[in-house]
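Notes for the one structure printed next.
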Amino acid sequence: MSDAKKPSNPLPSATILLLRDGASGLEVFMVKRHHQIDFASGALVFPGGKVDPHDNDPALRNHAEGAETLDNLRLSLAACAIREGFEESGILLARQPGASDYIDAAASSALAPWRPKLNNSEVGLVEFLTRENLRIACDALVPFAHWVTPVFMPKRFDTFFYLAATPAGQLGRHDGSESVDSVWVNPNDAIEDKRWTIIFPTKMNLVKLGRAKTVAEAIANAKADRIVTVEPTVIQRDGKQLLTIPEEAGYGKIEAPIDMLRG
């Protein structure tokens, strides 16, 4: 196989599904990607992105609740999920040292000037947490899914999805740069609403999430489920190319149009 045809290596990435109980039942925070973003442009997605070099800083262990249960890779993924959630929503899963409760909405809002600095990798989590005397709450994350972009895609991600109950009072707002709109939405309503472009992995995880009616049920389901890595493959049926995923991953028997990968 020539170098030109070799699949690209998937980049370690993390996505966070921030949950709350709302008027429509279970709700998840989602953002609409800017049309100039090179991946999932214009699509409705969960906050997330690739692991930043700062997320691998060994000193991060001293600023993370629950780090003792995580190896270096899992800690970097958890840090990435929390950082991306803060950058893209303003919601921060963090506590002051020794505290059992998350920081409140006012404290989270006051930290907003850090969002673009973290997003641009001008600073890392260690500097941010040190200067603000905070610890990220890795123990608040519940593993939900693991997806790897198919080998035929030019840009690939090895993505871990996490659930987290949103701290009381933190309402969330898109950043205005990578994302241009945001919404708290019931997972099933998001799928049905034709205003939104939703790519295949996002839709499948909305379907999975939508089986729960409350935050507590969603988290209990995730803790009980076995996570099976999903790397979509393509099959031919009736002259059409269709995406399929392992049935044992818990999404059901899936055959979807291949263009859903791109929105």
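FYI, it's all coordinate maths here, none of it is from the lab. Predicted model only: the values in this text are computed from it and were never measured. Positions of Cβ are generated from backbone atoms using ideal geometry, with glycine treated the same way; all protein chains shown enter the neighbour counts.
How do the peptides 201-207, 54-60 rank, highest first, by the average count of neighbouring beta carbon atoms within 10 Å per residue? Please report the intermediate quantities before stating the final value.
Details: 201-207: 21.9, 54-60: 17.4.
In decreasing order of mean packing, 201-207, 54-60 become 201-207, 54-60.
Net charge around THR233, counting only other residues with Cβ within less than 15 Å of its Cβ (Lys, Arg = +1; Asp, Glu = -1)? If you can, show how the numbers build up before the last one.
On the way: positive: ARG156, ARG237, LYS240, LYS253; negative: GLU231, GLU247, GLU248, GLU255.
Net charge in that neighbourhood comes out at 0.
Relative to the Cα centre, what is the charge dipole magnitude of the chain, using +1 at the beta carbon of each Lys and Arg, -1 at the beta carbon of each Asp and Glu, and rounding to the nearest 20 debye?
Working: 29 positive and 34 negative charges, 107 e Å.
Here the size comes out at about 520 debye.
Residues in region 73-84 carry Karplus couplings, in order, of 5, 5, 5, 5, 5, 5, 4, 4, 4, 5, 4, 4 Hz; the curve used is 6.51 cos²θ - 1.76 cosθ + 1.60 with θ = phi - 60°, and Gly or Pro positions show x.
Could you work out the Rg to Rh ratio of the chain, with Rh taken as the Kirkwood radius (inverse of the mean 1/r over all Cα pairs)? Intermediate results must be reported in sequence, preceding the final value.
Values: Rg = 18.1 Å, Rh = 18.9 Å.
Result: Rg/Rh = 0.96.
Answer rounded, prolate or oblate for region 123-163, using the Cα gyration tensor with square roots of eigenvalues a ≥ b ≥ c: rounded when a/c is under 1.5, else prolate when a/b is larger than b/c, else oblate.
Working: a/c = 7.80, a/b = 1.90, b/c = 4.11.
Oblate, since a/c reaches 1.5 and b/c is not below a/b.
Here LYS117 is the anchor, and the lysines within straight C-alpha reach of less than 29 Å, apart from those fewer than 8 places off in the same chain, are LYS32, LYS50, LYS155. Along region 191-206 the Karplus relation, 6.51 cos²θ - 1.76 cosθ + 1.60 evaluated at θ = phi - 60°, assigns HN-Hα couplings of 5, 7, 6, 6, 6, 9, 8, 10, 7, 3, x, 5, 4, 4, 6, 5 Hz to successive residues, with x for each Gly and Pro.
Give the separation of the Cα centroids, region 191-263 to region 44-70, in Å. About 25 Å separates the Cα centre of region 191-263 from the one of region 44-70. Of the peptides 240-250, 87-97, the order by per-residue mean of other Cβ atoms within 10 Å, starting with the highest, comes out as 87-97, 240-250.
Packing around the peptides 187-197, 161-171, taken as the average count of other Cβ atoms within 10 Å per residue, puts them in this order, highest first: 161-171, 187-197.
At 222 nm, what value in deg cm²/dmol follows for the chain if DSSP H runs of at least 4 each add -39500 (n - 2.57) and the sum is divided by all its residues, to the nearest 500? Mind showing how you got there, number by number?
On the way: 7 runs with 64 residues, N = 263.
Helix-only estimate at 222 nm: -7000 deg cm²/dmol.
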